[in-house]
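Just so it is clear, none of the values below were taken in a lab; they were calculated from the coordinates. Fair warning: this is a prediction, and the values are worked out from it, not measured in the lab. For neighbour counting, all protein chains shown are included, and Cβ atoms are generated from backbone atoms with ideal geometry for every residue, glycine included.
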Amino acid sequence: MQFSFTSEQEEFRSILRRFFDDKSPTTTVRRLMETDNGWDRAAWQELNQQLGLTAIHIPEAYGGQGFSFVELGIVLEEMGRALVCAPYFSSTVLAATTIVNAGTEAQKRELLPAIADGSCVATLAFTEPNGRWDTGGVEMTATRDGGKFRLNGVKSFVLDGHTADLIVVLARGDKGLSFFTVPGDAPGLTRRALKVMDPTRKQARLEFVSVEAELLGKEGGAAAPFERTMIQAAACLANEMVGGAERLRESALDYANLRVQFGRSIASFQSMKHKQADMLVEVELAKSAAYAAASAAAEDDPDLPAIASLAKAAASDAYMQTAISTIQIHGGIGFTWDNDTHLWFKRAKSSEVFLGDATWHRERMMRAWNV
Amino acid sequence: MNEDTVRAEVRAWLEANWRVDYGLVEWRNILIDSGWGVPTWPVDWYGKGLPAGLAAVVDEEFARVGAVGVAKAGIRRLAAATLLAHGTPAQKEQFLRRSLTGEDSWCQLFSEPGSGSDLAGATTRAERKGNRWVVNGQKVWTTSAHHADWGLLLARTDFDVAKHQGLSYFIINMHQTGVDVHPLRQMNGHASFNQVFLTDAEVLPEHLVLDVGRGWAVATTTLMHERREADGVRNWGRTSAGVGRIYDEERAENATVMEPYKWYPQRAGRVDLVIERAKAAGVNGDPVVRQEIAKLLTLSKSAEWTARRARAAQMQGKPQGPEGSLGKLASSHVARAAARVHTMIGGADAMLTGEDGAMGGVIAEILVSVPAGSIAGGTDEIQRNIISERVLGMPKEPRTDNDRPFRDVPKNLVG
């Protein structure tokens, strides 16, 4: 397992940090979060054209850059830090990873290059209104119709589901669970943006009425690649979350240093110093777990399922607790709309739950370790 | 010198000189003369002047052939490092070699009943009377004082200057009538530490380290080495299973020095026992227990990975990041969480101890030893001060003890 970043990786991180400082200030985050789409196609193209981020972990054979989950983790950590409003987690992380894991060779060659170059924004529709993160919650049906399939049912909590060009759908047929691909504008598909607590990451409800779909990968063969995708995605999300947590921690420290009460900087009060020290411990420990998970994903470590769940559980707790503490340190101003803290607080809340909360992942970790 | 030349040189030297039939002290004298015993020390004082990064290479070569090193365990290492930095040539001559051979053992007389976290508040008094320093006061938490030959003593030589300016640092002979050592029984039943009563105890003038009034600077050196070697306690106990006179002598030395530390694994919480204990108790299927175990494992794994990040950065010569300062506080959290989980798993048995307790009392020992980890070597609160001030750059609290003669600073009634 890798416990430090190479100098190239450190350099990559500092380039990203400068780029996102420039392209995703909170004025931009606030502008985009008020839109229905939640992201801007021109800015998305820039993300891809200047830095090739949409291609980062997609293999070179399919038009990607062929980097590992460690580099993807760095991108996500920096995006989480800057709260970048873009369909990156949906398209690059969830959809592309599913296609890599499940698709046939021909399908990877057909689908991945467009995701890699950013011209196609894809997403993965796996959860349903029952809110379950495992395959047991999948009720959507797939029925054979000649060479194609027809999908019926409802998907929910689909990241960027109302704006994606391509939707990868998990559904149940005669032979069990299969993945399918559906164009975003397919006839019979009704897409509705959900009112989400975290407006920087949009979600949609997708209703399928006899929607024509292409099989992705093997019929009835989705369970294993889905499991693998969820594990890798949990490792990815943990890295995104610790980026946000660190940004919050730093903003709380900046504010404490600035604020004067009782004739002295509030940062000189021991209650504040101890709180900040505890926040640092919590964030650094969660970062270590997230980095371990990214490294385990890159090496395809047999212990990855446990480590990814551990990292997601740690990040869920640490991000949320850091958000709560950051608001507390800001006092009244921290509860206002004008102060930026709530933007990260809401991302912390939605990420805490998305892909399974800490309790759910702790149980998965225990199973992975055969306890 | 680079890694390869160091490796080749130490390997050749060991091949020519290392034998298991030496006596321990005899061998260590040979080793000290060669410079390979303390290779990072200066050439003038038993070393080779190697950078710290290359010391690991020397250790590896010693381990490869099972060669015994200089005496490492206990306070003697801190004494040697402190005297190397601040001692007079005569002090170095008198003490360094005998500390490295293990002939002299040491203790650290810093903490007092009235000054724990605030070490610089020491009130033990050293007064110059004729050709002697005469010491009166009380020290506490003194590991190994009962068999130490020498003590590192922090004492106040001037009550009329500011707190940190009135301290001096001495080497005191522990074998004298004015030094009275009493074991201090802890809540876990062990007596790893001592109280040391100093009543007109005498110190020779040539055993003052650095100058009168500069004791705090010397003590800071000792404490820095103590923090740096905090991990060392775990390694000290490792004794070779080798056969031969020298190994027997080393094992006997270790048994004495390590005696006070035998409950330290329990103090750290024994996370390693949790899963087997849960299975043995048949509670590993209980969802609440599973959650608590998982929280503990998440914490302890994350802490372990954080330590490895810090080590990896150190090996690469990168400046230390925040991850390097969190270990002590993180291990307190781990230990407390482990004690909670062990209690949960133990159920009613957690009320029992000794041979009636789980695992012959080991679990009970965990439960009553864990509180020490949050106190010894810098309390959790002091760690948080250090982290917030040195890592996060937050301001110190306003102080009321530095701007006046120490005599006028409020003190505890004890000490």
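Modelled this way, with points 7 Å down the Cα-to-C-beta line, the labels at B:GLN320 and B:ALA348 are 5.0 nm from one another. Look at where the Cα atoms of region A:347-371 and of region B:112-137 average out, and the two centres are 55 Å apart.
Measuring max minus min along each principal axis, the C-alpha atoms of region B:149-217 give extents of 40, 25, 18 Å (largest first). Convex hull volume per residue, computed on the Cα atoms of region A:32-157, equals 139 Å³.
Considering every alpha-carbon pair of region B:77-228, the percent of pairs per 10 Å bin, from zero through the bin containing the longest distance, is 12, 44, 37, 7, 0. Using R0 = 25 Å, the C-beta based FRET efficiency linking B:ALA312 and A:GLU250 works out to 0.60. Taking the helices alone, the protein assembly as shown has a mean residue ellipticity at 222 nm of -15000 deg cm²/dmol, built from -39,500 (n - 2.57) per DSSP H run of at least 4 residues and averaged over all its residues. Here the convex hull built on the C-alpha positions of region B:149-188 has a volume of 122 cubic angstrom per residue. Of the three principal axes defined by the Cα atoms of the protein assembly as shown, the extents in descending order read 106, 66, 59 Å. Across region A:168-224, the convex hull enclosing all Cα atoms gives 108 Å³ per residue.
If you take the Cα centroid of region B:187-204 and the Cα centroid of region A:113-137, the two points sit 68 Å apart. Entry note: chain B has Rg to Rh equal to 0.98, where both radii use alpha-carbon atoms and Rh is the Kirkwood radius.
Under the criterion of Cα pairs below 8 Å and six or more residues apart, the relative contact order for region A:239-368 equals 31 percent.
The long axis of helix A:69-82 is offset from the longest Cα principal axis of chain A by roughly 60 degrees. With 22 Å as the limit, write out which pairs from A:LYS202/A:LYS287; B:LYS139/B:LYS411; B:LYS92/B:LYS163 have Cα-Cα distances beyond it, or answer none. Going by Cα-Cα distance, A:LYS202/A:LYS287; B:LYS92/B:LYS163 fall outside the 22 Å limit. For region A:244-279 and region B:1-59, compute the distance between their C-alpha centroids and round to whole Å. When both Cα centres are located, 49 Å separates them. Global dimensions of chain A from alpha-carbon coordinates: Rg and Dmax equal 20.6, 78 Å.
Principal semi-axes of the equivalent ellipsoid, √(5λ) from the alpha carbon gyration tensor of region A:122-220, are 22, 14, 11 Å from largest down. Figure legend: label point modelled 7 angstrom from the Cα of B:ARG19 along Cα→Cβ; residues of region B:30-59 with amide N under 14 Å from it are B:30-31. Mean separation of Cα pairs under 8 Å and 6 or more residues apart, divided by the residue count, gives chain A a relative contact order of 16 percent. Spin-label model, A:ARG192/B:PHE197: points 7 Å from Cα along the beta carbon direction are separated by 8.4 nm. From the Kirkwood radius over Cα pairs of region A:227-305, Stokes-Einstein at 25 °C and 0.890 mPa s returns a whole-number translational diffusion coefficient of 171 µm²/s. Debye-formula intensities of region A:272-345, expressed as log10 I(q)/I(0) at q = 0.20, 0.21, 0.28 Å⁻¹, are -0.82, -0.86, -1.15 (one equal scatterer per alpha-carbon, no solvent).
Here r is the Cβ-Cβ distance between B:THR40 and B:GLU103 and R0 is 25 Å; the resulting FRET efficiency, rounded to 0.05, is 0.70. Under a no-solvent Debye model with one identical scatterer per Cα of region A:224-368, what's log10 I(q)/I(0) at q = 0.09 Å⁻¹? Ignoring solvent entirely, the Cα scatterers give -0.31. In terms of its Cα atoms, region B:240-283 spans 48, 22, 11 Å along the principal axes, sorted from long to short.
Put simply, the convex hull of the Cα atoms in region A:200-268 casts, on average, a shadow of 8.3 nm². Working from Cα pairs under 8 Å separated by at least six residues, relative contact order for chain B is 15 percent. In region B:263-377, the inverse of the mean reciprocal separation of distinct Cα atoms equals 15.0 Å; this is its Kirkwood hydrodynamic radius.
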